[in-house]
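K.L.:
Dumping the structure here so I can ask a few things about it.
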Amino acid sequence: MQTSTLINNISAEILNSRFDDIQNQIKDLKKSLQPKSAEEYLTRSETADLLKCDISTIHNWTKKGKLVAYKIGNRVYYKRTQIESVMIPF
């Protein structure tokens with residue numbers, strides 16, 4: 001059994017435009033509802049290995065404000081995304 005719906009006084013272009021708007025809104029909603037990935041934290045030695053430098057260099061860069069350190073008790077961590085954003089293309 002087929003059901004028909006009759007729409008009066010709306011052109012096909014307007015109807016298509018409204019459907020496109022609805023599709024775009026659904027896409028935006030899907031993007032905002034995607035689960036966010038967990039931030040990866042690196043220790044001082046992992047950060048030094050990543051940047052191929054000594055731990056003392058990591059300490060100096062932290063004191064100068066080039067890297068931002070996060071502490072939990074006596075442990076020091078660095079965010080991978082911040083480390084990668086600090087690096088300047090040469």
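K.L.:
List the lysines whose Cα lies under 24 Å from the Cα of K71, skipping any in the same chain that are fewer than 8 positions away.
P.N.:
K36, K52, K63, K79
K.L.:
Pick out, in residue order, every one of the trypsin sites (Lys or Arg not before Pro) in the chain that is DSSP loop and has at most 13 other C-beta atoms within 10 Å; say none if there are none. Each step should come with its number before you reach the end.
P.N.:
Working: sites: R18, K27, K30, K31, K36, R44, K52, K63, K64, K66, K71, R75, K79, R80; in loops: K36, K52, K66.
Sparse-neighbourhood loop trypsin sites (Lys or Arg not before Pro): K36, K52, K66.
K.L.:
Enumerate the amide H contacts of L67 below 5 Å, restricted to partners 5 or more residues apart or on another chain; note that Pro and chain-start residues carry no placed amide H.
P.N.:
T62
K.L.:
Take the eigenvalues of the Cα gyration tensor for the stretch 13-90, scale each by 5, and report the square roots as semi-axes in whole Å, largest first. Mind showing how you got there, number by number?
P.N.:
Working: eigenvalues 384, 43, 17 Å².
Over the Cα atoms of the stretch 13-90, the ellipsoid semi-axes are 44, 15, 9 Å.
K.L.:
Could you tell me which GluC sites (Glu not before Pro) in the stretch 1-53 are loop residues by DSSP with no more than 12 other beta carbons within 10 angstrom of their beta carbon? Mind dumping the intermediate values first?
P.N.:
On the way: sites: E13, E39, E40, E46; in loops: E39, E40.
Hits after loop and neighbour filter: E39, E40.
K.L.:
Over the chain, what is the relative contact order in whole percent, taking alpha-carbon pairs under 8 Å and six or more residues apart?
P.N.:
Computed value for the chain: 24 percent relative contact order.
K.L.:
With the contact rule set at Cα under 8 Å and sequence spacing of 6 or more, what percent relative contact order holds for the stretch 41-86? Intermediate values should be presented prior to the final figure.
P.N.:
Details: 44 pairs, mean separation 19.2, N = 46.
Rounded, it is 42 percent for the stretch 41-86.
Computed from the coordinates by the stated procedures, all read-outs in this text should not be read as laboratory data. Here the structure is a predicted model, which is why all the values come from computation and not from measurement. Heads up, the Cβs are rebuilt from the backbone with ideal geometry, glycines too, and the neighbour counts pull from every protein chain shown.
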